[in-house]
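Q: Submitted below is the structure of interest, expressed as structure tokens.
The values are calculated or read from the model by the stated rules, or taken from the named source; none is laboratory data. Please read these numbers as outputs of a predicted model, since none were measured by experiment. Every residue, glycine as well, gets a Cβ built from its backbone with ideal geometry; the counts of neighbours run over all protein chains shown.
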Amino acid sequence: MQAITVISVSNGTPDIFVPLFVIVIISAFKDLFEDIKRHKSDNEENSKPCSVLDLQTGEFVNKSWKRLRVGEIVKIVKDEYVPADMLILLSSSPKGTPPNKHYLISFQKVKHL
């Protein structure tokens, strides 16, 4: 609207261009910095080991989280951080109280969203 001289308060000179350009550049650099930081954090988490069931030997072997594939069975110990979506098949905690006495209990805390 500033470029239209009839309705412009700046005689057709787009004065808002420079401040807008500066804000967009600062925002872009902030987003770039956050993405680089998140990428490093993700690589660090994905390089941590986990215990995966080897179906051929029947034993748990160590494997990095980034090498984990869909359908593999992972052994999680108490208070271990899990950087992936998982389905809980079994818990070693004692059975629940009535009326849920037939269900095993596990607690999950979701963060880093």
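Q: Looking at the structure I just gave you, is V61 modelled with pLDDT of 90 or more, farther than 30 Å from I4 by Cβ, of a type in the set (A, V, I, L, M) and touching a strand residue (DSSP E or B) at 6+ places or on another chain (Cβ under 9 Å)?
A: Here the answer is yes, as V61 does meet what is asked.
Q: Only one of these conditions is not met by L32: (1) at pLDDT 90 or above; (2) within 20 Å of Q108 (Cβ to Cβ). Which number is it?
A: (2)
Q: Could you look through the stretch 88-113, keep only residues that are hydrophobic (A, V, I, L, M, F, W, C) and within 24 Å of S41 (Cα to Cα), and pick out the one that is modelled with the highest pLDDT?
A: So, considering only residues that are hydrophobic (A, V, I, L, M, F, W, C) and within 24 Å of S41 (Cα to Cα), the one modelled with the highest pLDDT is V110.
Q: Now for a different question. I'm trying to understand the selection: among the residues of the stretch 66-84, which are over 20 Å from Q108 (Cβ atoms) and not in a loop (DSSP other than H, G, I, E, B)?
A: K66, R67
Q: Within the stretch 12-22, is there a residue that is over 26 Å from Q108 (Cβ atoms), free of Cβ contacts under 8 Å to residues at least 24 places away in the same chain and surrounded by fewer than 10 Cβ atoms within 10 Å (Cβ to Cβ)?
A: Scanning the stretch 12-22, I find at least one residue that is over 26 Å from Q108 (Cβ atoms), free of Cβ contacts under 8 Å to residues at least 24 places away in the same chain and surrounded by fewer than 10 Cβ atoms within 10 Å (Cβ to Cβ), so the answer is yes.
Q: Check K40, K63 and return the single one that is outside any helix (DSSP H, G or I), under 18 Å from Y81 (Cα atoms) and among the basic types (K, R). Quick ask: steps written out before the conclusion?
A: Values: K40 fails: outside any helix (DSSP H, G or I).
Residue meeting the stated conditions: K63.
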